[in-house]
Amino acid sequence: FPFVQPLLEELTSGRIQFIDPAFETSELVRRRLEGKDLFNPQKTAGTVSLYFTKDIELGDTLSASFLDTSRRIIEHITL
């Protein structure tokens with residue numbers, strides 16, 4: 001979408017405002033995190049800690065499909 005947005009804006013003579021939902025959503029999340037003093041503006045990648053009460057192996061397998069395994073910590077906890 002961002003690649004064709006200028007063309008679409010030109011074709012509609014600016015009468016239609018196109019919104020990139022991915023950008024808008026990321027801005028909304030940023031504002032909410034900042035509002036709760038949870039936003040971390042660091043430029044380097046951080047780590048993710050995942051806690052499971054059951055099926056830690058399944059959680060490990062699933063999270064490996066969308067998280068960098070070198071930047072995640074998985075722990076089994078008992079409640």
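Just so it is clear, none of the values below were taken in a lab; they were calculated from the coordinates. These numbers come from a predicted model, not from an experiment. Virtual Cβ from ideal backbone geometry, glycine too; neighbours counted across all protein chains shown.
Using Rg and Dmax of the Cα atoms in Å as the read-out, say which of (1) 11.5, 34; (2) 10.9, 30; (3) 19.6, 60 was calculated from these coordinates.
(3)
Return a whole-number percent for the relative contact order of the chain, with Cα pairs under 8 Å and 6 or more residues apart as the contact set. Walk me through the numbers on the way to the answer.
Values: 42 pairs, mean separation 20.2, N = 79.
Relative contact order for the chain comes out at 26 percent.
Which loop chymotrypsin sites (Phe, Trp or Tyr not before Pro) in the chain, with loop taken from DSSP, have no more than 15 other Cβ atoms within 10 angstrom of their Cβ? Intermediate results must be reported in sequence, preceding the final value.
Working: sites: PHE3, PHE18, PHE23, PHE39, TYR51, PHE52, PHE66; in loops: PHE3, PHE18, PHE39, PHE66.
Of the chymotrypsin sites (Phe, Trp or Tyr not before Pro), the ones in loops of the chain whose Cβ has at most 15 other Cβ atoms within 10 Å are PHE3, PHE18, PHE39, PHE66.
At 7 Å along Cα-to-Cβ for each site, give me the label-to-label distance between SER26 and LEU7 in nm.
A separation of 2.3 nm, rounded to one decimal place.
Which far-off residues, 5 or more places away or on another chain, put their amide H under 5 Å from the one on ILE74, with H placed in the peptide plane?
Counting only residues 5 or more places away or on other chains, the set is LEU50.
Whats the longest run of the chain with zero trypsin sites (Lys or Arg not before Pro) that are DSSP loop and have at most 14 other Cβ atoms within 10 Å?
Result for the longest clean stretch: 55-79.
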